[in-house]
Structures are given as structure tokens and as C-alpha cells.
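The structure appears right after this line, and notes come after that.
What follows draws every value from the coordinates through simple rules; no lab data is involved. Bear in mind that the values here come from a model prediction, so they are computed numbers and not experimental data. Neighbour counts are summed over all protein chains in view; Cβ atoms, including those assigned to glycine, are modelled from backbone coordinates with ideal geometry.
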Amino acid sequence: MLKFEVGSPFPMPLDAKEGAVFSVEPYTMLLIYQFRNPTAEEIQEFKTGSYQLAVTELQSVLFILSKFGRLGWADAAYSTQLSHSSKELPELQEGNRGYSIDAFLVDCDTNIIKAHRLIRMTPEFSRKFRLLLLDDLQKEFNADQYWQAVSRVFASYATKDLVRLSLLQMKGNEPQPTE
């Protein structure tokens, strides 16, 4: 069993570089911000600032975009085909509150978790996001072509452009630190 605890090492392998990573796991979705030596202000913004989520699809690649407080937008390419675990989210039933994302801020130099926050998607955003994931799962997939497409998009579009071109967007205000 994996243990995720602020102040402890992140229990899954991560690249030792700055950026964002998104994945769908069997019981949750993970959004991992990797900062090099995050400041106290960055940690606080991540923990308690308002948040925004967006999803863009370009060149058959999904991009999960996120923003916490005054931190800049982050982008993470995602493919259901590259996931090693559960690729499908259960359908939401009437009255469900929406899917959740476990968001982590990790120091990429030390691999130490600096903050953990639970982000709740709205039911409408959750349903539409699920449909995008199911559609992605049905597409023909070639890993080399996928990574080439990711590189082309990142070379051609700034993160703010990806946000502007998004298919889905939502905002949330409630800080829900999980410490």
C-alpha cells in the first residue's frame, strides 16, 4: 500500500524535473506539481488558493491544465493508453458530487511532498471529462506518434493558449487541505 504524507517522500517514481503530471489511478486521479525547492508562498498558494481546471485536446492529445491561487497555469499531457492502471472512471450516479483529484506539490530535488490538496470537480465537468477519457481510450494509439504530437503542441502553443482553446473549464474556491 502506498503512503502519501506531507513531509515524506512521494511513494511513486517521478522525473526529477519541474512540471506537472496527471494520471488516472484505480481509486483516484493524481495531479502532481513538481517544483524545485518551492517557497513558503508557493506552498501556501497551492494549499489554500482558488483553483482552476481545464482540458484541451489538440492533435489527438489531451492536456490537463490547472492553476492554484497566484501560481501560473500548469499543463500535463495525458493519454489513457499510457496508463498502467485502471483506464476508466465509473459513471456518476444522480446526486454524486463529482470526481476528485488528489493534488500534490512535490520538491523535485528531494522528492518530498510539500502539500496535498483534494480538488473536487463539479458533476458537469466530471461527466464531460469522463467522456473525453472514454473517447481517448477508443483511439488508435502509437506511442512514438503520441510523443511527437505532444512535442509539436508544446513547441507551438504557450500554456495560456492551451487554456484559451480548452473544451472544459471550471473554477473552485474552497481550500481543502488534507494535512
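Structure notes:
- Of all DSSP beta bridges in the chain, antiparallel share, percent nearest 5: 85
- Per-peptide packing, taken as the mean over residues of other Cβ atoms within 10 Å, places 4-12, 120-128, 56-64, 161-169 in the sequence 56-64, 120-128, 161-169, 4-12 from highest down.
- Computed on the range 59-153, the Cα convex hull volume stands at 143 Å³ per residue.
- Filter on Lys3/Lys171; Lys114/Lys171; Lys17/Lys67; Lys17/Lys160 - keep pairs with C-alpha separation over 26 Å: Lys3/Lys171
- Near the amide H of Ser50, within less than 5 Å, lie the amide hydrogens of Gly69, all on another chain or at least 5 residues away, with H placed in the peptide plane.
- The convex hull around the C-alpha trace of the chain, projected and averaged over every direction, spans 10.2 square nanometres.
- Max-minus-min Cα coordinates of the range 17-108 on each principal axis give 38, 33, 23 Å, with the largest extent listed first.
- Packing-based order for 34-45, 89-100, using average beta carbon neighbours within 10 Å, highest first: 34-45, 89-100
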